[in-house]
Amino acid sequence: MASAWVGELAQRHLDAAYNLGRWLLGNEQDAADAVHDAYVRAARSAHTYAGGDARAWWLAIVRNCCLARLSSRRRDAQVQSIDAPGVAAALPRSADNEVEDRAAAAQSGARIAAHLRALPVEFRETLVLREIEDLSYREIADVLQVPIGTVMSRLARGRALLQHALAAADTQEASHGL
Amino acid sequence: MDCKTALALLEPYLDNELDRADARELEAHVDTCTDCAAALTRLGDLRQSLRDQTLRHAAPPELRERIRAAAAGANASGAAPPPRSASRRVMPQWTRLAAACVLAFGAGGVSVHLWNSGQVRANAQTQVVRDLFASHWRALAAATPVDVVSSDRHTVKPWFAGKVAESPLVRDFAEQGFALVGGRLDYVGDERVAVLVYRHGQHVIDVFVAPRAGSALMVETAEQRGYALTPVQLGNQSAVIVSDMDHEERSRFAQLVRSAQ
């Protein structure tokens, strides 16, 4: 059933898959597990690949696996909410990631990363695919399984939200400086 | 080009999704308009900061190894033919397609439908409304909103023959202030539909005509960002008017369309 070409495809676009997973799920372990799940699923459903952009097909599967993890995490969070309320339950972070975050905070990308992380998931994923993975509108539409018009409006909205958040942060920093 | 159009095109321009003609026009506008130039600079700055290398997480070697091991195990059970090389991104810049072409090309996206088969299409009606607005906006953003330019209905109607199941009834309402500009083809959902284009002052009016009875092109009145959808009957076909005219002009035009014979 499984096909060698799916393995090759997954390897070729592993960074893209993992990066998408990191931005959707927030931590290393979940992102790696989701990409592994995606590989298993892709290998099993290799026969449903009907031509077209193979990378978009692969990333669409990765994304679906990430979203499945997100929603099960949300369910878990609801169950635990009596003793562990708050955002922390929805975003488990390993010690490793915290160290990494702190190291990253010293760098120039940290500020924009924090604001990007704070965006609602639909704008975050669209921006990640466009700006970080450099996908075209058509490719993003294929990964997200939405019309191109939706891709365009999500990009516009996402960018506006980011610009707004950055400007607000600037103003705040300036007023603290006084 | 006016600022409204230019602002809508800034992002597709920055994203390399505009064709050359549109890009040139936009560049010409930005050269003379400080507001639009500033907006473009702000978008460029945002792009710059998002392209920071630290934002991209590379896959850890353990994951790479994990996938390799899983693939090696699975391959014992046989292999299927490899796909064509997936790398479509090596296309030279000049082959960039105009957003409109991309949409027309993708609307029927067979592969997308296949992957979607497990997921219920959330709301077909919403989708049609979205497609109609998107088509109208893209046409406004394009250099010209029509494929066949003519104010002569005897040119426009035959142009549609063979392109859609049933050519729409074409009438010019220039005397009443709504001049026929031409027509184009577009996609709504996965149906190819005829679009009649009229002009009223500064307003561009699209009339989407359902290709057959029972078409998906049946919507209720809707509004978005100052643009409105008005369902109407054109001859024996159902149609939808999309424009940014005010309520009064809209109903006057709808009345003309309805009474066309």
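For a footprinting-style exposure proxy, rank B:253, B:173 by other Cβ within 10 Å, fewest first.
On the way: B:253 24, B:173 18.
Neighbour counts put them in this order, fewest first: B:173, B:253.
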Query raised in the report: Given R₀ = 51 Å, FRET efficiency for residue B:255-residue B:72 by Cβ-Cβ distance, to 0.05?
Result: 0.15
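Give me the net charge for the shell around residue A:11: Cβ to Cβ below 9 angstrom, other residues only, Lys and Arg +1, Asp and Glu -1.
Once all neighbours under 9 Å are counted, the net charge is +2.
Hey, what's the Cα Rg ratio for segment B:124-259 versus the globular rule of thumb, 2.2 N^0.38 Å? All intermediate terms of the calculation are to be shown ahead of the outcome.
On the way: Rg = 13.3 Å, N = 136, 2.2 N^0.38 = 14.2 Å.
Taking N as the residue count of segment B:124-259, the ratio is 0.93.
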Requested in this report: May I ask for the percentage of alpha-carbon pairs in segment B:178-250 that lie more than 16 Å from each other?
Outcome: 48
Requested in this report: Take B:4, B:163 and order them by how many other Cβ atoms sit within 10 Å, fewest up front.
Outcome: B:4, B:163
Report summary line: Ranked from fewest to most other Cβ atoms within 10 Å of their own Cβ, B:138, B:24 fall in the order B:24, B:138
**Report entry** Viscosity 1.002 mPa s, 20 °C: Kirkwood-radius Stokes-Einstein D of segment B:3-51 over Cα pairs, µm²/s
**Finding:** 198
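How much length is gained if the chain between residue A:71 and residue A:167 is pulled fully straight, taking 0.36 nm per residue apart and subtracting their Cα-Cα distance, in nm to one decimal? Working shown, then result.
Working: separation 96, 0.36 × 96 = 34.56 nm, distance 3.18 nm.
So the extension gain works out to 31.4 nm.
Taken together, the values in this text are just the output of simple stated rules run on the coordinates, not laboratory data. Everything numeric in this text was worked out from a predicted model, so none of it was measured. Every residue, glycine among them, receives a Cβ derived from its backbone with ideal geometry; neighbour counts consider all protein chains shown.
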